[in-house]
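J.: Submitted below is the structure of interest, expressed as structure tokens.
The values are calculated or read from the model by the stated rules, or taken from the named source; none is laboratory data. As the structure is a computational prediction, the values presented were derived from the model and not from experiment. We place every Cβ from the backbone using ideal geometry, glycine too, and count neighbours over all the protein chains shown. With ligands, DNA and RNA removed, areas are computed over all heavy atoms of the protein, side chains included. Shrake-Rupley method; radii C 1.70, N 1.55, O 1.52, S 1.80 Å.
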Amino acid sequence: MAKKKITVLIADDQTLFREGIKDVLSGERWMEVVGEAADGIEAVAKAKKLKPDVVLMDIRLPKLDGINATRQIRESCPQVNVLMLSSFEDEAHVLDAIQAGANGYLSKMLPAAELVNSIKTFTSEGLMIPQQLMGKLLHGIRKMGDSSLPTQATLTKTEIKVLDYLGKGLSNKELAKELDCSVKTIKNHLNSAFHKLGVSSRTEAVVKAIEKGLISSEGTIVPEEDGE
């Protein structure tokens with residue numbers, strides 16, 4: 001049985017950049033660009049209509065900026081993942097994007113091959129923030145202090161341990177080996193933790209757990225391999 005293609009929507013106001021990214025991604029047999037958007041309003045409308053696996057979202061978009069477009073997409077189509085692809089790499093933009101619901105954040109300066117590999121890792125792990133940007137994100141979180149949003153329920157010791165290992169870069173397979181259980185059990189722990197924290201992605205879960213002091217921000221990294 002052929003593997004299902006990863007569908008992508010590209011949202012950027014620069015036509016040449018959109019076309020360049022489309023050419024790069026279209027060269028991958030496992031990926032399909034299903035749409036393009038030149039502004040934030042169009043990005044939201046096409047995300048709702050096409051329901052792609054991933055939206056590559058620029059931050060600076062006309063009519064509706066990428067942050068608010070991301071927030072609307074994640075609220076109306078939670079199954080659609082948003083991966084920021086931006087030239088802005090300061091902690092304020094990274095933090096705003098993650099708080100809006102973005103599942104990851106990448107630089108527009110990435111070489112084509114690295115972009116393709118990043119999207120592949122992102123779709124398998126649901127987490128994609130390069131180490132240098134993760135540091136800025138965590139710095140912004142520490143300045144904010146404790147989150148005012150309460151958890152829906154208390155996390156178990158195992159769920160906290162899973163999030164801690166996740167923040168240190170372990171894949172699902174590595175987590176299962178570390179905790180001597182199956183990958184399915186790890187996924188169940190993650191889903192339970194997501195529900196209790198009120199989040200929908202691995203990135204948000206790690207960030208929220210750090211905000212609430214459940215796990216340490218020291219040594220937090222990004223998984224680089226498929227956890228399945």
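J.: So which residues in segment 191-204 are part of a helix (DSSP H, G or I) and among the polar types (S, T, N, Q), if there are any at all? Working first, answer last.
T.: Taking segment 191-204 and keeping what is part of a helix (DSSP H, G or I), we get 191-197, 202-204.
Matches in segment 191-204: N191, S192, T203.
J.: Let me ask something additional. Would you call F88 modelled with pLDDT under 85, of a type in the set (F, W, Y) and assigned to a loop (DSSP other than H, G, I, E, B)?
T.: yes
J.: Test of understanding: among V33, V44, which residue is at pLDDT 95 or above and touching a helix residue (DSSP H, G or I) at 6+ places or on another chain (Cβ under 9 Å)?
T.: The conditions single out V44.
J.: In addition: Within segment 159-190, can you find the residues that are part of a helix (DSSP H, G or I), open to solvent by 60 Å² or more (accessible area, probe 1.4 Å) and either under 19 Å from T203 (Cα atoms) or not basic (K, R) (or both)? Give the steps one after another, and end with the answer.
T.: Step one: list which residues in segment 159-190 are part of a helix (DSSP H, G or I), which gives 159-167, 172-179, 183-190.
When the remaining residues are screened for being open to solvent by 60 Å² or more (accessible area, probe 1.4 Å), the result is 161, 173-174, 177-178, 184, 187-188.
K161, K173, E174, E178, K187, N188, listed by residue number.
J.: Given the criterion within 16 Å of N117 (Cα to Cα) and in contact (Cβ under 8 Å) with a residue 12 or more places away in the chain, identify the matching residue among E42, E36, E28. Walk me through how you get there before you give the answer.
T.: Details: E42 fails: within 16 Å of N117 (Cα to Cα); E36 fails: within 16 Å of N117 (Cα to Cα).
Exactly one residue qualifies, and that residue is E28.
J.: Another question, then. Search segment 191-209 for residues being buried (at least 21 other Cβ atoms within 10 Å of the Cβ) and more than 21 Å from T70 (Cα to Cα), and hand back the single one that is modelled with the highest pLDDT.
T.: That would be A193.
J.: May I pose another question? So how many residues does segment 7-45 have that are assigned to a helix (DSSP H, G or I), within 24 Å of S87 (Cβ to Cβ) and out of contact with any Pro (no Cβ under 8 Å at 6 or more places or on another chain)?
T.: In the first step, residues of segment 7-45 are kept if they are assigned to a helix (DSSP H, G or I); the result is 15-26, 40-45.
If we keep only those that are within 24 Å of S87 (Cβ to Cβ) as well, we get 15-26, 40-44.
Next cut, out of contact with any Pro (no Cβ under 8 Å at 6 or more places or on another chain) only: 15-26, 41-44.
Count: 16.
J.: Which one of these is open to solvent by 10 Å² or more (accessible area, probe 1.4 Å), free of Cβ contacts under 8 Å to residues at least 12 places away in the same chain and in a loop (DSSP other than H, G, I, E, B): K63, K4?
T.: Sole residue among the options that is open to solvent by 10 Å² or more (accessible area, probe 1.4 Å), free of Cβ contacts under 8 Å to residues at least 12 places away in the same chain and in a loop (DSSP other than H, G, I, E, B): K4.
J.: Kindly provide the set of residues from segment 66-81 that are under 20 Å from S118 (Cα atoms) and assigned to a loop (DSSP other than H, G, I, E, B), ordered by number.
T.: Across segment 66-81, the qualifying residues are Q79, V80.
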